[in-house]
Every structure is written in structure tokens, then in C-alpha cells.
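Below you'll find the structure, written out as C-alpha cells, and then a few comments.
The values are calculated or read from the model by the stated rules, or taken from the named source; none is laboratory data. Source: prediction; values computed, not measured. All Cβ positions, glycine included, derive from the backbone under ideal geometry; neighbour counts span all protein chains shown.
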Amino acid sequence: MMRGGQAGAPLILGLIFLFALLSVLRPVNHDESQYVAAAILAGNALPWRDFAYFQTPLQPMLFAPFAVGMGALAWPALRVLNAVLGAVAVLMVGRAAKAAGTTPRMAIMVATLFAGTDILLFSAGTARNDALPAAALAGALVLMVRAARGEGSTGQALLTGFLLALAAGTKISYAIPAAAYFLWALLDRRHRPVMIALGALPVVAFVGWMVAQAPEAARFEVLTFPALAPDQMYRDAGRAFKLSLGFKAIDTFKFLALGTALPAIVAVAARWRRDEQGLARLLDVMILAGLVAALLPEPTWRQYLLPVLPPLFVRLALLWEMSPPGRWERIAFVTFFCAGLAPSVEAVVLTALHGAPMANAVTDGARLTVAMEKQGVTGAVATLSPQYVAATGRSIDPRFAAGPFYFRSHDLLDPASERKLNLVSAKTLDTATLPQAVLVGGDADAEGGDAALEAKLAAAAAPRAVGIARLNGKFTLYVLR
């Protein structure tokens, strides 16, 4: 008979393969622009100080060597890297459930339910900053469970602090679950709060050093812009209703229902008992902290709910270990599990009709490279879809590192502050400052993209163009005087 590790290896490899395959098949999302650009630019520059990055800065710093090393394949490679991290998050949820005292079968079951949520499948299938903090949180959860059961150690507490700080340093919303656990550790000294703080210290010190390099940029890009820009964008588009509490509730319900997160919450709430202590209560605190982190931004998007899921499914494993689900509950979970797979199945069907998005992106990159060589483009490129520039070997104009996100805003900064922070909006764009090349069309062709915004950039570039190349009915490359 095969040993557990030998038997599990094919499952692990199969999970990684499926997630990686989905990352190649999932449609292009315009959110990816700033994450791919940041990973490329961080090869020889610092987020905040040298280019705009509207997140905490660890991911581009960690991913930069990988992205630069992959060259023209940086974008699809970053997608595959996120897929691997998504698979790691699933494996860690299974390990946490097993560490909590459930059977291996139960651990595999809840890990599978987690893997089938659209929240995770989207997060692990795009080049965003969701999979890394989720993997770090899930890894920390394994160690939290051991500590709650009295099986922790000093080294594990140090690692827990490091992983939670890594998650928060990659995506600021994870600071809320991290803070919640630290407060819990202060009340339950088995978790070694001093060691947790020491483990977090290297990450906190590094992020603090980066803040010190550009304090004004860090404050605006991590706090001010995310607080103001969505409200401005939705009101300008006549969709202010998306910011209401009612639509927040609808969106939250919808995203949780695409997968088994919603029935898991119902099952946990229905069986919650006041007399439960220890590990069960810790998991409840982490679930609530994840919900707070998810619901604070406006509006709510599916990836914001990812911090809720690792502790939720470990909690579900504990409940089902004590009281297995009945027939109707199993039917409900199977139904919601299939619903979670539906968007990914749709992506596969679209791929069969139109080709794999990442394969198309590689082809587009090769065509853009040829066009730039023919047009003599050797300098920086201004574009709202900088992820495509990564394939050409040309540099990205740092003012456009954030893709469309600052460009579509207005009046959030005065022109002097924009110049200082390496930002430019459509309203303040000075055509005389455009670089040698301007590329349009990539954002308009992406999920969530805006053709009207691309048209503003094209209108600024066209009067100065000495060469125009149109590619594949999607891109237009302007070569300027």
C-alpha cells in the first residue's frame, strides 16, 4: 500500500495542473494591468517611490525576479504562479482541518469545497494580488490550529507572525485578520504573542522602510485613492447605486453563492453554540475578521471575500466531524459547488470558441514586438494595458504603471502632486509629455475595460503621430515625434 505522502502526490500535482490550466483559459481582466506592470518595473525600481502601486508593496518586490526572468512570457508565467499559490492555499486548508483533529477524508472534502469556490478560482486564475496572501493566511491557519490545541512551538509562532505580516504586506485587507489573531493571542498565551510579533517584525520593518522612501505616495496610493476613486468612478458612470448597502448585500450574497461558501456560513451559524471554546471560537473570530475585511471596501468584489474562506472551511470540517451533514444538506452543497464551477466552465467554453486568452496574449505580444521593431520604437510606451508591453522588451512609462485606474480619475491630486507621484489622468494629460510610443486597445478588449477611456489616450496621441500601426483589429500603436 502506498504511504500517505505518496498517495497524496498525484492529487497535489493534479490540483496544481488544473489551476494552472484554468489560468491559461480564463479571460483577460483589466485589473491585471497594474500587477504585471508592477512586477516588471520592480526589477529596477521601487513601488510608490518610482511608480504608482495601489496596494501594499510586497508582491511586486517578491515577484520581480521571476517576472523579469520570464521575459516575454512574464504575464502568463505570473498567472501560473498565482495558480500554484491558489493550490497551496487549498492544500493548507486541508492540512489545517487535519491538524484540527478531523479525519483525512474530512480534510480532503472541505479542501475540495474550498477549491470549487468561484472566489478562489478567479483569484488563482488571474495575475492579481489575491493568491499570495490567501496562501500565507491558510499556511498561518495550520499553525494557529496547532497552537490552539496546545501543539504549537516558539518557531511556529514566529512563522505565524511572518506569514500574517506577509499577507498584510501583499494586500492591506489581510491586516484585519492578522490583527484579530494577535489580539486573540494576547488573551490566550498558548499562542505566544511576543513570538508572533517578532516573526512579523522583518516584514513590518521592510514595508516601513518603503513607506519612508515615499511617504506621500504610500499614503495616497494605499489609503486615499482606494477610499475616493471607486465612489468617483461609479458616480461619474451614473451607477452610484452600486455603492449602496443594499447592492453590497446583493453582491456579497451572489459571490458567496457561487460555490459552497454561502451554505458553509449557514451551516456554521445554524450549529453555533455558546458553550464552544478554544479552537472553534478562534475560527469564528477569524471568519468574522475576514468578513469585516471583505465588506469595508466599496463596492464588494468576489476576491475581497477570500480571507473568509480558509477559516470557514476548517470550521465546517469541525462541525461535520461532530455531526455529519444530512441528505438535504449534502444535496445543497453539491448544488452550490456546481454553481461555483459555472464561471470557470464558461471560460473553457469561450476558449473553445475564441482560443486560450494567454495563448492569444503571447501571440499579440509577438506581433506588437514586430510592429515596434518596424516602427523603430526603442523607448518607453504609454498604455492603459501595460501587461502587453512586458512581452515586447520595451519599458513601461511609469506614469501608466497603474493601467486605467488613476487615468480615469480626476481632481484627486493637483498637477504638481501628480508629477511628484508619477501619475497622470486623462484630464491632466499633456500630449507634449507622451513618450515615443502610445499603445491603445488592450484595456478595451479586457473584462472591465473601457473603450471610451482608451479613446481619450488615442485622441491625445494621434495629432503627434508620425507612424500608426494597427494590429489584429484590437491594438493601435502610435509612434510620436
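So which of Leu22, Leu78, Leu73 is out of contact with any Gly (no Cβ under 9 Å at 6 or more places or on another chain) and assigned to a helix (DSSP H, G or I)?
Values: Leu22 fails: out of contact with any Gly (no Cβ under 9 Å at 6 or more places or on another chain); Leu73 fails: out of contact with any Gly (no Cβ under 9 Å at 6 or more places or on another chain).
After ruling out the rest, the residue left standing is Leu78.
For a quick check of your reading of the model, give me the residue pairs whose first member lies in the stretch 148-169 and is assigned to a helix (DSSP H, G or I), whose second is among the basic types (Lys, Arg), with beta-carbon atoms closer than 6 Å and at least 6 apart or on different chains.
The qualifying pairs are Ala157/Arg192.
Scan the stretch 373-390 residue by residue and report those that are under 22 Å from the mean Cα position of the chain (by Cα), part of a helix (DSSP H, G or I) and either among the β-branched types (Val, Ile, Thr) or more than 27 Å from Leu421 (Cβ to Cβ) (or both). Walk me through it before giving the result.
Narrowing the stretch 373-390 to residues under 22 Å from the mean Cα position of the chain (by Cα): 383-390.
Add one more test, that the residue is part of a helix (DSSP H, G or I), and what stays is 389-390.
Hit for the stretch 373-390 is Val389, nothing else.
Which ones in the stretch 30-47 are more than 20 Å from Asn360 (Cα to Cα), surrounded by fewer than 24 Cβ atoms within 10 Å (Cβ to Cβ) and touching a residue at least 40 places away in the same chain (Cβ under 8 Å)?
Ala45, Leu46
Only residues that are surrounded by fewer than 15 Cβ atoms within 10 Å (Cβ to Cβ) and either in the same structural domain as Glu221 (by TED's automatic domain parsing) or within 24 Å of the chain's Cα centre (by Cα) (or both): list them for the stretch 414-450, please.
Across the stretch 414-450, the qualifying residues are Glu447, Gly448.
Please work out if Asp411 is closer than 29 Å to Pro27 by Cβ, outside the structural domain of Arg235 (by TED's automatic domain parsing) and either assigned to a loop (DSSP other than H, G, I, E, B) or within 24 Å of the chain's Cα centre (by Cα) (or both). If you could, list the steps in order and put the result at the bottom.
On the way: closer than 29 Å to Pro27 by Cβ: no; outside the structural domain of Arg235 (by TED's automatic domain parsing): yes; either assigned to a loop (DSSP other than H, G, I, E, B) or within 24 Å of the chain's Cα centre (by Cα) (or both): yes.
Spelling it out, it is not the case that Asp411 is closer than 29 Å to Pro27 by Cβ, outside the structural domain of Arg235 (by TED's automatic domain parsing) and either assigned to a loop (DSSP other than H, G, I, E, B) or within 24 Å of the chain's Cα centre (by Cα) (or both).
Kindly provide the set of residues from the stretch 108-125 that are buried (at least 24 other Cβ atoms within 10 Å of the Cβ) and not in a helix (DSSP H, G or I), ordered by number.
Thr117, the sole residue that qualifies.
Given (1) buried (at least 24 other Cβ atoms within 10 Å of the Cβ); (2) at pLDDT 95 or above, where does Arg26 come up short, assuming only one miss?
Arg26 satisfies all of (1) buried (at least 24 other Cβ atoms within 10 Å of the Cβ); (2) at pLDDT 95 or above except (2).
Taking the stretch 140-193 on its own, how many of its residues are farther than 28 Å from Leu223 by Cα, surrounded by fewer than 19 Cβ atoms within 10 Å (Cβ to Cβ) and either among the aliphatic types (A, V, I, L, M) or touching a strand residue (DSSP E or B) at 6+ places or on another chain (Cβ under 9 Å) (or both)?
Selection size over the stretch 140-193: 1.
Going by the conditions given, is Asp251 under 30 Å from Lys420 (Cβ atoms) and in the same structural domain as Pro310 (by TED's automatic domain parsing)?
Considered against the rule, which asks whether it is under 30 Å from Lys420 (Cβ atoms) and in the same structural domain as Pro310 (by TED's automatic domain parsing), Asp251 comes out as no.
From Arg105, Arg128, which residue is free of Cβ contacts under 8 Å to residues at least 24 places away in the same chain, of a type in the set (D, E, K, R) and either assigned by TED's automatic domain parsing to the domain that holds Val28 or part of a helix (DSSP H, G or I) (or both)? Walk me through how you get there before you give the answer.
Working: Arg128 fails: free of Cβ contacts under 8 Å to residues at least 24 places away in the same chain.
Arg105 is the lone residue from the list that is free of Cβ contacts under 8 Å to residues at least 24 places away in the same chain, of a type in the set (D, E, K, R) and either assigned by TED's automatic domain parsing to the domain that holds Val28 or part of a helix (DSSP H, G or I) (or both).
Quick grid of which residues meet (1) outside the structural domain of Glu447 (by TED's automatic domain parsing); (2) assigned to a helix (DSSP H, G or I); (3) closer than 23 Å to Thr224 by Cα:
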| residue | (1), (2), (3) |
| --- | --- |
| Leu368 | no, yes, no |
| Ala371 | no, yes, no |
| Arg394 | no, no, no |
| Arg399 | no, yes, yes |
| Tyr406 | no, yes, yes |
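Can you find a residue in the stretch 62-80 that is without any contact (Cβ under 8 Å) to a residue 60 or more places away in the chain and among the β-branched types (Val, Ile, Thr)?
yes
Out of all the residues in the stretch 279-294, is one or more small (Gly, Ala, Ser) and either farther than 16 Å from Ala261 by Cβ or in contact with a strand residue (DSSP E or B) (Cβ under 7 Å, 6 or more places away or on another chain) (or both)? Quick ask: steps written out before the conclusion?
In the first step, residues of the stretch 279-294 are kept if they are small (Gly, Ala, Ser); the result is 280, 289-290, 293-294.
Filter once more, keeping what is either farther than 16 Å from Ala261 by Cβ or in contact with a strand residue (DSSP E or B) (Cβ under 7 Å, 6 or more places away or on another chain) (or both): 280.
Within the stretch 279-294 (the criterion being small (Gly, Ala, Ser) and either farther than 16 Å from Ala261 by Cβ or in contact with a strand residue (DSSP E or B) (Cβ under 7 Å, 6 or more places away or on another chain) (or both)), the answer is yes, since at least one residue qualifies.
Please state which of the following conditions Asp430 fails to meet, knowing it meets all the rest: (1) in contact with a helix residue (DSSP H, G or I) (Cβ under 7 Å, 6 or more places away or on another chain); (2) within 22 Å of Asp50 (Cβ to Cβ).
(1)
Going through the stretch 48-73 one residue at a time, which ones are closer than 13 Å to Ile396 by Cβ, surrounded by 24 or more Cβ atoms within 10 Å (Cβ to Cβ) and either under 16 Å from the mean Cα position of the chain (by Cα) or not aromatic (Phe, Trp, Tyr) (or both)?
Within the stretch 48-73, Ala52, Tyr53, Pro60, Ala67 meet the criteria.
Exactly one of (1) under 27 Å from Ala270 (Cβ atoms); (2) of a type in the set (A, V, I, L, M); (3) buried (at least 18 other Cβ atoms within 10 Å of the Cβ) is unmet by Ala361. Its number?
(1) is the only condition that Ala361 fails.
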